[in-house]
1. Within the stretch B:134-154, does at least one residue satisfy the condition of being more than 14 Å from chain A (Cβ to nearest Cβ) and at pLDDT below 95?
2. Have a look at A:80, A:71 and point out the one that is within 30 Å of residue A:258 (Cα to Cα), crowded, with 21+ Cβ neighbours inside 10 Å, touching a helix residue (DSSP H, G or I) at 6+ places or on another chain (Cβ under 9 Å) and of a type in the set (Phe, Trp, Tyr).
3. At least 3 residues that are under 22 Å from residue A:367 (Cα atoms) in each: list the helices (runs of 4 or more DSSP H) lying fully within the stretch A:35-137 that qualify.
4. Just checking, does the stretch A:7-24 include any residue being assigned to a loop (DSSP other than H, G, I, E, B), modelled with pLDDT of 95 or more and at negative phi?
5. Does any residue in the stretch A:319-331 that is on the phi > 0 side of the Ramachandran plot come within less than 7 Å, Cβ to Cβ, of a residue that is aromatic (Phe, Trp, Tyr) six or more places away or on a different chain, and which pairs are these?
6. Output the residues belonging to the stretch B:43-99 that are within 14 Å of chain A (Cβ to nearest Cβ) and not in a strand (DSSP E or B).
7. Limited to the stretch A:317-339, what total is found for residues that are crowded, with 22+ Cβ neighbours inside 10 Å and either closer than 16 Å to residue A:276 by Cα or among the hydroxyl-bearing types (Ser, Thr, Tyr) (or both)?
8. Looking at the stretch B:155-180 only, could you name the residues that are farther than 27 Å from residue B:31 by Cα, within 11 Å of another protein chain (Cβ to nearest Cβ) and part of a strand (DSSP E or B)?
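The values are calculated or read from the model by the stated rules, or taken from the named source; none is laboratory data. Just so it is clear, the structure is predicted and the values come from calculations on it, not from any experiment. Glycine gets a Cβ as well: all are built from the backbone with ideal geometry, and neighbour counts include every protein chain shown.
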Amino acid sequence: MHSPTLAAAAFAAALLALPVAAQSTSQGAGAVPAVSAEAATDAQTAAIVDAAEVFMASLDDSQREAVLFAWEDDAQRTNWSNFPTGLFQRAGLRWGDLTGPQRESLTGLLGTVLSEDGLRMVQEQMASDEVLKVEGGGGAGGGLIDRVSGLFGGGGPGDLIFGSDEYYVSFVGEPSESEPWMLQFGGHHLGINATVVGPNVTLAPSLTGGQPVRFTLDGQAIDIVVDEVTAAGTLMASLSEEQLGEAVRSETRSDLVLGPGHDGETLQPEGLTGADMTEEQRTLLLALIEARLGMLNADNLATTMASIEENLDATAFAWFGPADDPASAYWRVTGPKLVVEFSPQEMGGDAANHLHNMYRDPTNDYGAAWIPR
Amino acid sequence: MNWALQGSQIAAFVTSFAMAAGAAAAHPVDELIQGAYLTLAPGEVKLQLDLTPGAEVVPSVSSSLDPDADGAVSEAEARAYAEQVLADSTLILDREPAAWSLVAVTVPDLAVLAEGGGVIRIEATALRPDQDGLHVLAYENYHEPVKSLWMANVFLRPGEGWTYAVTDQERSDEGRSLTVTFEARPE
């Protein structure tokens, strides 16, 4: 198992030790009102907007100008990617340019939009990219920088920049409890796009992933997608031979289909549908879906999952790759209310250690269903 | 998308550009990812074929893109490359072969390709009649200049009084081929 160790303990302290805002009750720079599990959706949005205003208040004038884009700015709305800086230029404010209190406020905002697990995943992805940076782009035998450098005659790695500093925050539209707006936070292998429309919040479309996926940080073993891989394996193990015949579409893994640049495209449901599953298997399918969508805060997640469950009969699970290796196989869930892709990718090394994963809602990417046209 | 571009207009759209990475979704190293996006639309099947060469296999792809090795991909070179790639695929509609017509091709700067971050995008169309009932579309991609990962997926773009519904999809194990059964209905 590829298990690099990041020596910079200070980095861990700076990144992973930041407070999870939804748990915070202090009134410091990153503090936002706590939201109980029973709170109404309006209270959740109010907490998110409050957290956004705390972050905005921590910025100077030039930073506020840089971070804020007009709601009508579709170019910025779709300005996200899996690529690192050097292959893709994000806009907004760079994590590496923020002060400590500003980072704390931003973490507070992310922790209000996302769940505790979701925030942890984001932080782990940033830590993962720090590992990639320390290792020079992927380590021996799989190092992107080494490989690219070789193609340039050993003259340099090009302009690829890795590391936790290279994550950007931006707003499309001003944070509001009534008007639509969007929070973007992304970098290499990460594109969180949270659209807020009144009491509603969606993360569609959002990209997650990482390289490495498994690593050791400050002595702690990290596996960014352990819940998802476990849930996928459990669902597969529950299927009968006949069901596997429907679910397994190919023994060769696929690649990500609906990544950045593929807005407005809808995969046609394929594989084993919820209608052809037992109640126990349907529960496992929902658990798999929630393992991904659970990065959203609990309040908005409940609404999202209810809609998905209503359409479970028409929601299909499809598998591409070895049936006995959930960490390196591609799988997708397609239905009226979601498309989820889990896409390991070989970089000349372990496919299970390099992921591009997507969540989309065919009816509601960027909150399209909530916004009058 | 520039699906409306035809004939000589292709040349105007064939550009060497710093690929908007938003259109790219992968950066493999030792393989060529070939992603076919097939769209059923009124009167035609649209093909968007995204070719993403990993950094280690770029030299092989670049030599086909830039046969005169002058470091730049001309419009003629890009078009010739695209035609060659399209010729390596087949489309059969209701058991009748259909021909691809090249609509556009976009090629990143070779330097961007070399970093494994560029996508060569070939857009083509094949005419088909819209008729009420069940139909079968079979696509297969034989293009394999280097180690490749193939994928093909179908999308729907109803309009002009027609709706479509996919009733079955079958794939070959290595991902080269996709057979789609679909129903066309007048609205």
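1. yes
2. Exactly one residue qualifies, and that residue is A:80.
3. Of the helices (runs of 4 or more DSSP H) lying wholly inside the stretch A:35-137, those with at least 3 residues that are under 22 Å from residue A:367 (Cα atoms) span A:41-57, A:74-77, A:100-113, A:116-134.
4. no
5. A:321/A:330
6. Matches in the stretch B:43-99: B:54, B:55, B:56, B:57, B:58, B:59, B:60, B:61, B:62, B:63, B:71.
7. Of the residues in the stretch A:317-339, 7 are crowded, with 22+ Cβ neighbours inside 10 Å and either closer than 16 Å to residue A:276 by Cα or among the hydroxyl-bearing types (Ser, Thr, Tyr) (or both).
8. B:156, B:164, B:165, B:166, B:167, B:168 - these are the residues of the stretch B:155-180 that are farther than 27 Å from residue B:31 by Cα, within 11 Å of another protein chain (Cβ to nearest Cβ) and part of a strand (DSSP E or B).
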